[in-house]
Ligand code: C6P
């Protein structure tokens, strides 16, 4: 596969993903990439190559394979910096995942900067990863958590922003793309409005970085967090981007090896960025693997991936809307990326997922780590099909057929 073709050659892409080429019955129809994406050969090969030929710790060994591992690890940092248009590579901090990136900001920047009476503004569509760390921070500091509501259509109530943003607001934490509704939020204008009252902004990009070209300088956010495993990379590697002045003044989050300059019995001094925030042995293979995933996505081209996913979404909306007794949550496809979320009348989402699995169709069912959003829509769970570059229209047909089958089996059984 190479990046020369437009539009996306889905069959060629699928050839890059060995899990999709397995001879199994029924074949795998993977519609759960929002939970974790599949991995192309290029990433799997890079992981294997590291372990087979130059496995060593980094930033310490004065020998060839350690130097190579360090070089590849730091090369991945540069690739990721370019991928999101970070001004400098040292503004890319490697973590385990989005969750850890957000917790890093809450504990380091948050503890140092928030006081009783300050406000943190988040939204009702946040993943628990961009909610619970702020609740904990509010409990530690006496700050107050406030919410941007979600409309019935699944968009943010942005008319409320002027009222919610005041000189008390110290931080705005919003998701770029909702993992449930797929809603794409206007993070650039939210950031500008937050900055106008002096608040800092963190963007949860777990569901945007895999699908949309992102530019942290254009958004002008203060922090930007995402996970490797949702964008063709391995698990165990996440990213936090931060503005240089903020990262420089922030205290360390975790203490230990690699993050220090000098250690005395009573106190220590800390390493420069990014090492100050990378205590202990990092996820070396996974980081190098994420670098390969970024190469892969660049070669295919996010500008080609996005229209393909939109076609899948449009088609899924159209097909699923034909099903009697279905409720689809969230906005029209043009306002979203990646996912379609729904319920069938009188059937629990887990039962829907179970029936689909009999035919090899993998979707996610549950609260998707967004309980306040579920409460807003008055449900305890939904079913969600999510798409990525390797999905094809016929797989939407299989989803559709599977849902009809679920209705037939489960509604008849219940009478
Ligand atoms: N959402 C989903 O199925 P981690 O687990 O740290 O890699 O990502 C957390 C996270 C944060 N924000 C958003 C918007 C997310 O979607 C996720 C992960 C998965 O929707 C697993 S719950």
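The lone criterion from (1) in contact with a strand residue (DSSP E or B) (Cβ under 8 Å, 6 or more places away or on another chain); (2) crowded, with 23+ Cβ neighbours inside 10 Å left unmet by residue 320 is number (2). Picking from residues in segment 257-272 that are in a loop (DSSP other than H, G, I, E, B) and farther than 25 Å from residue 50 by Cα, the one that is nearest to the ligand (Cβ to nearest atom) is 271.
Would you mind stating whether residue 387 is in contact (Cβ under 8 Å) with a residue 24 or more places away in the chain and either in contact with a helix residue (DSSP H, G or I) (Cβ under 8 Å, 6 or more places away or on another chain) or surrounded by 21 or more Cβ atoms within 10 Å (Cβ to Cβ) (or both)? First the steps, then the outcome.
On the way: in contact (Cβ under 8 Å) with a residue 24 or more places away in the chain: yes; either in contact with a helix residue (DSSP H, G or I) (Cβ under 8 Å, 6 or more places away or on another chain) or surrounded by 21 or more Cβ atoms within 10 Å (Cβ to Cβ) (or both): yes.
Answer is yes for this residue.
Scanning segment 124-145 for residues that are touching a helix residue (DSSP H, G or I) at 6+ places or on another chain (Cβ under 6 Å) and either under 14 Å from residue 201 (Cα atoms) or not in a helix (DSSP H, G or I) (or both) yields 124, 125, 130, 145.
Scanning segment 323-348 for residues that are under 25 Å from residue 156 (Cα atoms) and exposed (fewer than 15 other Cβ atoms within 10 Å of the Cβ) yields 327, 332, 334.
Here is a yes/no grid of residues against (1) touching a residue at least 24 places away in the same chain (Cβ under 8 Å); (2) under 27 Å from the mean Cα position of the chain (by Cα):
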{"site": "14", "(1), (2)": "yes, yes"}
{"site": "26", "(1), (2)": "yes, no"}
{"site": "30", "(1), (2)": "yes, yes"}
{"site": "34", "(1), (2)": "yes, yes"}
{"site": "42", "(1), (2)": "yes, yes"}
{"site": "49", "(1), (2)": "no, yes"}
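Between 331, 251, 234, the distinction of being at negative phi, touching a strand residue (DSSP E or B) at 6+ places or on another chain (Cβ under 7 Å) and assigned to a loop (DSSP other than H, G, I, E, B) belongs to 331 only. Looking across segment 357-384, the residues that are under 18 Å from residue 315 (Cβ atoms) and either away from the ligand (no atom under 13 Å from the Cβ) or in contact (Cβ under 8 Å) with a residue 60 or more places away in the chain (or both) come down to 361, 363, 384.
Just one of the listed residues (87, 7) is in a loop (DSSP other than H, G, I, E, B), more than 18 Å from the chain's Cα centre (by Cα) and either surrounded by 22 or more Cβ atoms within 10 Å (Cβ to Cβ) or modelled with pLDDT under 95 (or both), namely 7.
The values are calculated or read from the model by the stated rules, or taken from the named source; none is laboratory data. The structure displayed is predicted, hence computed values, not measured ones. Every residue, glycine among them, receives a Cβ derived from its backbone with ideal geometry; neighbour counts consider all protein chains shown.
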